[in-house]
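The values are calculated or read from the model by the stated rules, or taken from the named source; none is laboratory data. For clarity, every value in this text was computed on a predicted model and none was experimentally measured. Here the Cβ positions follow ideal geometry from the backbone for every residue, glycine too, while neighbour counts run over all protein chains shown.
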Amino acid sequence: MWFFMNTCYGLSFLTFILLLTGLAQSFLRFPVLKAGHLTFMLLASIIYLFTETLIIFFFVGTGVSIKEYTQAHKLDPAYHKRSLAIKFRVYPPLLLNILLMIIVFVLVGAVDTCRVPAIIYQALFVVALLHFIKVKMIQHWCFRDNTRIILDMAGVK
């Protein structure tokens with residue numbers, strides 16, 4: 001669990017750096033490793049979607065483990081209910097951010113072909129990036145609460 005959670009934190013940081021670089025690249029038009037903005041955003045989108053999918057699976061996996069553990073050891077079902085509450089808190093903003101970022105990733109192609117003005121793309125990118133930061137704070141609190149459930153089940157204070 002700890003390796004998985006720390007991997008999520010590391011990939012989230014990498015994703016943030018890639019998105020920030022992509023945003024700067026959209027304004028200043030500089031290459032990164034000889035990649036233009038469109039190519040670089042393709043890489044950023046792959047890593048972003050991998051990271052967010054990994055985070056979703058983390059909460060799904062730990063939720064299933066908590067449910068199975070409480071049932072097998074005849075523990076209070078409140079642990080599982082707390083786990084569900086975490087999912088209800090983290091999933092809506094996470095899925096909204098995935099939607100916003102997918103729109104940004106699609107619009108980068110529209111801007112490249114001059115179908116959409118760059119300012120619209122850049123404005124939405126800024127909004128999506130700010131929302132991404134908010135989602136990361138929510139995810140941090142949910143990681144913390146999820147860890148607390150595991151520790152409470154184990155009897156660690």
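Confirm whether ALA78 is surrounded by 13 or more Cβ atoms within 10 Å (Cβ to Cβ) and free of Cβ contacts under 8 Å to residues at least 12 places away in the same chain.
no
Taking segment 99-142 only, how many residues are touching a helix residue (DSSP H, G or I) at 6+ places or on another chain (Cβ under 7 Å), aliphatic (A, V, I, L, M) and farther than 22 Å from ALA24 by Cβ?
1
Look through LEU33, LEU11, LEU38 and report the one residue that is modelled with pLDDT of 95 or more and not hydroxyl-bearing (Ser, Thr, Tyr).
LEU11
Does SER83 count as assigned to a helix (DSSP H, G or I), more than 14 Å from the chain's Cα centre (by Cα) and either among the polar types (S, T, N, Q) or at pLDDT 95 or above (or both)?
So SER83 fits the description; yes.
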